[in-house]
């Protein structure tokens with residue numbers, strides 16, 4: 001229930017059950033009785049009071065406590081902080097992402113997220129909430145893009161926390177940062193695959209609480225304010241309609257992407273994420289031809305994520321991928 005709903009409910013109660021005239025004597029009597037109850041609680045009912053506070057806190061929406069300095073002046077009382085607020089006209093949570101949108105709705109949502117950009121959106125080829133689209137180019141201005149937001153706008157505090165720790169090592173930190181990128185509360189989603197190339201990128205896959213959606217998310221040291229700082233691909237998918245990938249030579253050619261790790265270096269960066277059709281695969285080994293290095297990634301229920309820099313500075317050839325089952329037996333070898 002949001003603030004508007006709460007206000008409406010209070011107005012309804014006030015209308016249906018108006019306050020009568022104030023009886024000063026009765027008010028004084030109730031005050032004395034309340035004081036006696038407080039004394040009894042402080043003497044032997046502290047546990048009951050703590051339990052009541054804990055129960056009430058558990059019923060609150062997604063809130064966390066800030067440090068004491070954020071409380072009322074002169075006190076040590078912390079203030080509850082709401083991490084996400086509703087985006088007008090967009091369903092909350094996982095219902096707000098992964099759905100096909102009209103061009104008008106794409107433009108409306110992008111205007112809500114990036115009000116400082118006044119250019120129109122290019123006609124999107126993939127107009128789904130959580131996808132990233134481009135604005136029309138403008139002479140003298142840099143290219144701009146928009147990750148179409150979901151229904152949960154992150155608070156300024158949450159955005160700042162993600163900025164201070166752009167590549168977290170904990171699941172909680174990573175889900176927080178993905179929530180900021182997609183404007184969707186993913187803090188209760190479950191990470192099923194992840195891989196990190198230090199100082200380059202973390203690729204991960206997380207599944208929604210219902211299991212109906214999953215997200216491909218990329219985290220980098222210097223985010224650009226969108227979910228695709230490292231190229232196209234990251235977005236939220238509906239599990240029921242996602243076309244799982246076959247582990248074949250086409251997968252090696254198009255799903256495991258290799259390129260220069262940086263503009264000034266010769267090492268190769270490999271990246272990718274998604275879901276395979278085979279549930280028997282538990283591990284994939286990445287072996288670039290001509291390199292003396294290999295890299296293994298875990299696969300869970302078909303979900304995989306790859307983010308690896310091959311430190312070999314020699315020019316590498318096509319990649320060979322080997323799939324293993326959970327006992328270590330080779331299932332299949334494919335070539336890029």
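Name every residue in the range 214-231 that is over 13 Å from residue 144 (Cα atoms), part of a strand (DSSP E or B) and at pLDDT below 90, in order of residue number. 231, the sole residue that qualifies. Does residue 323 qualify as being part of a strand (DSSP E or B), farther than 20 Å from residue 228 by Cβ and more than 25 Å from the chain's Cα centre (by Cα)? Yes; evaluated as a whole, the condition is true for this residue. Residue count for the range 270-320, restricted to those that are part of a strand (DSSP E or B), touching a residue at least 60 places away in the same chain (Cβ under 8 Å) and surrounded by fewer than 20 Cβ atoms within 10 Å (Cβ to Cβ): 3.
Based on this model, can you work out whether residue 115 counts as over 21 Å from the mean Cα position of the chain (by Cα), closer than 21 Å to residue 179 by Cβ and assigned to a loop (DSSP other than H, G, I, E, B)?
On the way: over 21 Å from the mean Cα position of the chain (by Cα): yes; closer than 21 Å to residue 179 by Cβ: yes; assigned to a loop (DSSP other than H, G, I, E, B): yes.
Yes; evaluated as a whole, the condition is true for this residue.
Inspect the range 138-148 for any residue being touching a helix residue (DSSP H, G or I) at 6+ places or on another chain (Cβ under 6 Å) and either assigned to a loop (DSSP other than H, G, I, E, B) or surrounded by fewer than 21 Cβ atoms within 10 Å (Cβ to Cβ) (or both) and give the result as yes or no. Checking the range 138-148: at least one residue is touching a helix residue (DSSP H, G or I) at 6+ places or on another chain (Cβ under 6 Å) and either assigned to a loop (DSSP other than H, G, I, E, B) or surrounded by fewer than 21 Cβ atoms within 10 Å (Cβ to Cβ) (or both).
The values are calculated or read from the model by the stated rules, or taken from the named source; none is laboratory data. Bear in mind that the values here come from a model prediction, so they are computed numbers and not experimental data. FYI the Cβ positions are ideal-geometry reconstructions off the backbone, even for glycines, and counts take in every protein chain you see.
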